[in-house]
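The values are calculated or read from the model by the stated rules, or taken from the named source; none is laboratory data. If you're wondering where the values come from, they're calculated on a predicted model, not measured in any experiment. For neighbour counting, all protein chains shown are included, and Cβ atoms are generated from backbone atoms with ideal geometry for every residue, glycine included.
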Amino acid sequence: MLFEKDLLSVRLLTMQDYPLLVKWLSQPQVLEFYEGRDQSYNMSKISRLYGSKNLRGITACIVEYRGENIGYVQFYALPDQQKNEYGLRKEELIYGIDLFIGETSFWNRGIGTLLVTSLVQYLEWDCKVHRIVADPFEWNVRAIRCYEKAGFRKWKYLQHHEIHEGTWQNSWLMMYSSAK
Ligand SMILES: CC(C)(COP(=O)(O)OP(=O)(O)OC[C@H]1O[C@@H](n2cnc3c(N)ncnc32)[C@H](O)[C@@H]1OP(=O)(O)O)[C@@H](O)C(=O)NCCC(=O)NCCS
């Protein structure tokens, strides 16, 4: 177990979890906000993408709520190229996070906010990371609100940031900075 907070716990992803990722990333409701509904995932694609060779510096985790697997979160030190693109200093240790709750019945119940808040605490206290970024699409108001409630602020508007469902999308680079 990486960390726990109230009824939520976060643990490292294992190969036994790949069917869960296939299930979650086959749902249009999830894909609409993560990866895109024009993408499809089967076991071989998931094992390639989430195998240790491909993940390298990324820590991939499963989120549990009351002992039930409900979602996925990953975090990583931002590579220099991405820091450069965002106008951030190379010397500073900055982490990026990506996440989704794959069980959609768990959306809009405050669990995403609990997840982001406890992840930030874990990264700050256990990993000594003082700045964390996320890059939700500008129209993903629920994710933006969730990050804001966890202490993130809109930091930079990223025009034509990512191709999603065949179209360039604008995003917000959101930043959490600890008081240090
Ligand atoms: C984004 C996600 C992790 C948020 O988790 P969650 O548990 O659903 O979010 P929370 O309940 O903690 O908070 C959501 C907030 O957004 C608000 N919200 C939800 N839908 C909204 C909408 N259409 N417009 C405005 N606000 C909205 C909620 O009211 C709540 O804010 P409040 O507490 O001030 O009322 C989850 O919804 C999810 O996995 N979505 C799909 C994948 C995704 O978007 N991942 C993030 C990629 S950056």
Candidates Val133, Val120, Val129, filtered to the one that is modelled with pLDDT of 95 or more, surrounded by 16 or more Cβ atoms within 10 Å (Cβ to Cβ) and assigned to a loop (DSSP other than H, G, I, E, B): Val129
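Can you find a residue in segment 77-97 that is near the ligand (Cβ under 10 Å from one of its atoms), surrounded by 14 or more Cβ atoms within 10 Å (Cβ to Cβ) and either assigned to a helix (DSSP H, G or I) or within 17 Å of the chain's Cα centre (by Cα) (or both)?
yes
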- prompt: Counting only residues that are more than 10 Å from the chain's Cα centre (by Cα) and not basic (Lys, Arg), which one in segment 128-137 is farthest from the ligand (Cβ to nearest atom)?
  reply: His130
message: Against the definition (assigned to a strand (DSSP E or B), away from the ligand (no atom under 13 Å from the Cβ) and within 16 Å of Thr59 (Cα to Cα)), how does Tyr157 come out, yes or no?
response: no
message: With the requirement that a residue be within 14 Å of the chain's Cα centre (by Cα) and either without any contact (Cβ under 8 Å) to a residue 40 or more places away in the chain or closer than 10 Å to Ser178 by Cα (or both), what does segment 109-127 give you?
response: Gly112, Thr113, Val116, Val120
message: Looking at segment 139-146, can you tell me whether even one residue there is assigned to a strand (DSSP E or B) and over 14 Å from the mean Cα position of the chain (by Cα)?
response: no
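Would it be correct to say that Ser40 is assigned to a loop (DSSP other than H, G, I, E, B), over 16 Å from the mean Cα position of the chain (by Cα) and small (Gly, Ala, Ser)?
Yes, satisfied.
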task: Read through the list (1) charged (D, E, K, R); (2) near the ligand (Cβ under 10 Å from one of its atoms); (3) crowded, with 17+ Cβ neighbours inside 10 Å, then give the number of the only condition that Glu32 fails.
output: (3)
